[in-house]
Amino acid sequence: MKTAILKDGIQLLPEKAIFLPEEKVLIVADLHFGKINHFRQAGLPVPKSANHKNAENLIDLVNLWKPLRTVFLGDLFHSHYNEEWEVVGQIIRHFPGCSFELIIGNHDIMSEQQYIRNGIKVIDQDVIGCWILTHEPMDRLEIPDGKINMAGHIHPGAFMQGKGRQSVTLPCFWFSKNQIILPAFGSFTGLYPISPAEDDNVFIIIENKIMEVTLSPTKKRSKAAR
């Protein structure tokens, strides 16, 4: 049984997504469909099964939560057209009762008509109640009073260190006073170890559960490849 957490009126899902229960909106960031094929075409031995896992996870989420809208916070696709485009189109056509919307990310480089052909509405950002949805995190000083920015892009990871030299970086939700950064939904995306402020909240995803943790101060690290 996967465990979700209710935080500030929203559901944090261990599948690395957020659900707004009042509005019945599912929010997912950084799927990077096609990234695996992109690397395989370049000759790298990446297992193709990861493609199917991303698609299955998205289908399971929509089946479970039955959203009226699914909003992708950018980087739905990784780059140029490949067969994963058709898979996403099939998924969307399977859920006629749900609208699918894409906030354009830096990897979403195809023409708007290509997205429309697959049943995806393209937008620059969205506002749902107090939430401002974007791909890249907004400058926190520029977020209007009473609003909270919900974004993706950086693939946040929590660097956890155990006894001795044991360590692991886990995907996480990163909460600050007026911003939430979602983990990357895709299974082949890399992680950027974050350095949260003292009053931030961090929720890691581990073994299909969500757990709040306090991170020790860390030295600044270089960004992981996205």
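For the residues Val71, Val168, Val62, what sequence is obtained by ranking on other C-beta atoms within 10 Å, fewest first?
Values: Val71 24, Val168 12, Val62 20.
Result, fewest neighbours first: Val168, Val62, Val71.
For segment 5-213, just say rounded, prolate or oblate: build the C-alpha gyration tensor, square-root its eigenvalues into a ≥ b ≥ c, call rounded for a/c under 1.5, and beyond that prolate if a/b exceeds b/c, oblate if not. Write down the numbers at each step before the final one.
Numbers: a/c = 1.60, a/b = 1.16, b/c = 1.38.
Verdict is oblate for segment 5-213.
Could you work out how far apart the two model spin labels at Leu68 and Ile123 are, taking each label as a point 7 Å from the Cα in the direction of the beta carbon, and quote it in nm?
Spacing of the two 7 Å Cα→Cβ label points: 1.3 nm.
By counting other Cβ atoms within 10 Å of each Cβ, how are Ser167, Ser99, Ser195 ranked from fewest to most?
Values: Ser167 9, Ser99 16, Ser195 12.
Neighbour counts put them in this order, fewest first: Ser167, Ser195, Ser99.
For Glu207 and Glu83, what is the calculated FRET efficiency with R₀ set at 35 Å and r taken between the beta-carbons, to the nearest 0.05? Can you show the working numbers first?
Numbers: r = 32 Å, r/R0 = 0.91.
FRET efficiency, Glu207 to Glu83: 0.65.
Lysine pairs in segment 5-213 8 or more apart or on different chains: how many have alpha carbons under 17 angstrom apart?
Taking the Cα cut-off of 17 Å, the pair count is 13.
A short reminder: the numbers here are calculations on the coordinates, not readings from a lab. Please read all numbers here as calculations on a predicted model, not as lab measurements. Here Cβ is always computed from backbone atoms with ideal geometry, including for glycine, and neighbour counts include all displayed protein chains.
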